[in-house]
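*Asks:* The following block contains the structure, expressed as structure tokens.
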Amino acid sequence: MLVRLLYASRALDTNPSSISTILAQSREYNPASGITGILCYGGGIFLQAIEGGRGAVSELYGHIQRDRRHKDVELLQYEEITERRFSGWTMGQVNL
């Protein structure tokens with residue numbers, strides 16, 4: 001079963017190198033886990049959509065909630081999907 005999860009959080013470290021590290025780690029981890037998505041960042045706020053199998057998405061979201069680089073993690077949407085919107089992106093990036 002495919003799902004899409006959308007969350008928002010605040011960055012504890014707004015240094016561009018910290019954001020780049022998060023993206024690099026996502027792009028390394030996500031292909032092996034079948035995760036696709038997009039990370040939007042601006043003004044110290046993350047907005048991220050992640051897609052994949054229910055177990056993989058839930059595991060990744062749990063990791064994000066425990067990640068000390070994020071605070072005030074807020075689940076905005078969680079839904080079952082029939083197809084991916086971000087199928088070509090292991091983790092796309094948009095700077096706002």
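*Asks:* Being hydrophobic (A, V, I, L, M, F, W, C), closer than 22 Å to Glu80 by Cα and not in a strand (DSSP E or B) is the filter here, so list the residues in region 1-35 that pass it.
*Replies:* Met1, Ala32, Ile35
*Asks:* With (1) in a loop (DSSP other than H, G, I, E, B); (2) of a type outside the set (Val, Ile, Thr); (3) touching a Cys at 6+ places or on another chain (Cβ under 6 Å) as the list, and Leu47 as the residue in question, which single condition is left unmet?
*Replies:* Looking at each condition in turn, Leu47 falls short on (1).
A quick yes/no check of all residues on (1) acidic (Asp, Glu); (2) part of a strand (DSSP E or B):
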| site | (1), (2) |
| --- | --- |
| Tyr41 | no, yes |
| Glu59 | yes, no |
| Gly62 | no, no |
| Asp72 | yes, yes |
| Glu80 | yes, yes |
| Arg84 | no, no |
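*Asks:* Just give me the residues in region 51-96 being hydroxyl-bearing (Ser, Thr, Tyr), under 14 Å from the mean Cα position of the chain (by Cα) and at pLDDT 95 or above, in sequence order.
*Replies:* Passing the criteria: Ser58, Tyr61, Tyr78.
*Asks:* I've got another one for you. Are any residues in region 18-45 in contact with a helix residue (DSSP H, G or I) (Cβ under 8 Å, 6 or more places away or on another chain) and among the hydrophobic types (A, V, I, L, M, F, W, C), and if so, which ones?
*Replies:* Ile35, Leu39
The values are calculated or read from the model by the stated rules, or taken from the named source; none is laboratory data. The structure displayed is predicted, hence computed values, not measured ones. Note that we place each Cβ from the backbone using ideal geometry, even for glycine, and neighbour counts take in every protein chain shown.
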